[in-house]
Amino acid sequence: MELRKEIEPDFETVERLYPEVLKIIMDYTEYCDENGDEDNAEYEKTANTLHQMTGKDMSQYNLWEWWEEEGAEVLAFRISLPHPKVVDKVTKEELTELVRRLKTFISTDEQDTSLKAQFRYYLNEYYTRFLELNFKSFDHTLFERNKDENGKYFEYTQEQIIERLWKQG
């Protein structure tokens, strides 16, 4: 199911920013490899450039040691993807689709080499933030493994998550 444009991740912006963001990250890494950056001057320039491009707070990203995390490409994608917005009147069908996307693995055409296909596995953070912004009753534990009063582990079903979010708005 396609969602309204204001709900879907903004891949037009990603496609526009991603190549330059990736280049900036790689240039910074190369600079550090050759010169070091003990005074963080080059880091500050890099972070400021990325902030100017995206409007995002760069302190939430690891520009220093991305190789210990998900890699430069995923970091560039995360920086390039605009944050979700508050959207008026999210429908129950839209909520259902968002929860489905968070809870299920969806394979796509292996021939699709678009950025959207390449980074589809890294959209959970986007969808989670969207739910946090748009549903007051959002709680991370809805999407985690939980322990009941008897000490047994369980996970909420998609239907349970939808109902909890929908009832409380």
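The values are calculated or read from the model by the stated rules, or taken from the named source; none is laboratory data. Remember, it's a predicted structure, so these values are computed and weren't measured experimentally. So basically every Cβ, Gly included, is an ideal-geometry build from the backbone, and we count neighbours across all protein chains shown. SASA here: full protein model, heavy atoms, side chains in, ligands and nucleic acids out. Shrake-Rupley method; radii C 1.70, N 1.55, O 1.52, S 1.80 Å.
Brief remarks follow.
- Taking the numbered list (1) open to solvent by less than 40 Å² (accessible area, probe 1.4 Å); (2) at pLDDT 95 or above; (3) among the hydrophobic types (A, V, I, L, M, F, W, C) in turn, Leu115 passes all entries but (2).
- The residues of the stretch 1-34 that are free of Cβ contacts under 8 Å to residues at least 40 places away in the same chain, surrounded by 14 or more Cβ atoms within 10 Å (Cβ to Cβ) and more than 17 Å from Gly55 (Cα to Cα), listed by number, are Glu8, Tyr28, Tyr31, Cys32.
- Residue check, Ser59 in contact (Cβ under 8 Å) with a residue 24 or more places away in the chain, under 26 Å from Glu132 (Cα atoms) and hydroxyl-bearing (Ser, Thr, Tyr): no
- Look at the stretch 129-154: where a residue is modelled with pLDDT of 95 or more and a partner is of a type in the set (Val, Ile, Thr) and open to solvent by 90 Å² or more (accessible area, probe 1.4 Å), sitting 6+ places away or on another chain with Cβ atoms under 7 Å, you get Leu133/Val86; Asn134/Val86.
- Taken over the stretch 131-163, the criterion of being farther than 20 Å from His83 by Cα and in contact with a His (Cβ under 9 Å, 6 or more places away or on another chain) is satisfied by no residue.
- Tally, over the stretch 66-103, of residues that are under 29 Å from Ile161 (Cα atoms), in contact (Cβ under 8 Å) with a residue 12 or more places away in the chain, open to solvent by 70 Å² or more (accessible area, probe 1.4 Å) and not basic (Lys, Arg): 4
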